[in-house]
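Just so it is clear, none of the values below were taken in a lab; they were calculated from the coordinates. Note that this is a predicted model, so its numbers are computed, not measured. Don't worry about glycine lacking a Cβ; one is built from the backbone with ideal geometry, like all the others, and counts go over all protein chains shown.
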Ligand code: N1C
């Protein structure tokens, strides 16, 4: 079984807690406040953010994480996102973030303080001292309610609730299973937490990999399914295949490809 014996931490299949997590969290928090959102600085206490984050998971069984565990952290680190700026994504992680870095017109969750601090690190607790498991953490397949999964679900829900005006979604048209998946965080959480009284329109950018398959276009099945879900919730929705400003960014890495020529 998974019984802790002789102070050994529980064994799981995913990578363990990131070393120097405290320094990374504090460092990212201070640098976000200094470089990105100096206006937040006055009301944001990075040390308090670290403490409330730590108490969400230390000494706990990493399979019993709840949204409530992160409530204090969400209250401390949450901040408003300007209307017309929210960018959601699914299976376009790298491209979406390269785009927000280069254009500054839109913000993903990782461009907010919460997402910025916790992007790419991993963490989980353990019932025995020191209360943090640096050796291994549970995979989603081992337990759904692990600290990292529950964190992204909780943060994504709040990010969607906060959106207003026109919002963007960048989806991947080169995925064989379909660009819109109901099991994704976007498909299962964000779509249902957008507020029709605050969000006027949802614009889908359906990007396909340069030189990759165009498995789905805006007329494809999963996009039609997404349109039906959103229209039923009273949103206006548009879809554009290979939105040019984002495609130009893909072209930086594929300058000679047919799709990247000015005069094809
Ligand atoms: O499951 P997904 O995509 O649809 O989630 C993406 C969606 C975005 O719109 C974000 O707002 O949900 C939010 N989000 C993150 O910001 C995020 N950063 C890192 C969701 N997940 C995030 N991660 C990690 O990527 C997390 O571990 C989660 O399980 C994956 C989801 O990636 P996906 O399937 O491409």
Protection proxy ranking, peptides 197-205, 227-235, average beta carbon neighbours within 10 Å, highest first: 197-205, 227-235
Where labels lie 7 Å past Cα in the beta-carbon direction, separation of residue 75 and residue 26 in nm: 2.4 nm
Rounded to whole Å, sorted largest first: equivalent-ellipsoid semi-axes of region 183-264, Cα gyration tensor: 29, 13, 11
Å³ per residue enclosed by the Cα convex hull of region 21-153: 117 Å³
Near-label residues of region 231-253 by backbone N, under 14 Å of a point 7 Å along Cα→Cβ of residue 262: none
Three-way shape label, region 165-209, alpha-carbon gyration tensor, a/c 1.5: oblate
Overall dimensions of the chain as given by Cα atoms, namely Rg and Dmax in Å: 20.0, 69
Least to most buried among 110, 240 (fewest other Cβ within 10 Å first): 240, 110
Dimensionless Rg over Rh [region 70-133; C-alpha; Kirkwood]: 1.09
Over region 77-179, volume per residue of the alpha carbon convex hull, in Å³: 136 Å³
Antiparallel content of DSSP bridges confined to the chain, in %, to 5: 15 percent
Ranked by how many other beta carbons lie within 10 Å on average, peptides 171-181, 131-141 from highest: 171-181, 131-141
Extended-chain gain in nm, criterion 0.36 nm per residue less alpha-carbon gap, residue 40 and residue 143: 33.5 nm
Theoretical gain in end-to-end length, residue 64 to residue 197 [0.36 nm per residue, Cα-Cα removed]: 44.5 nm
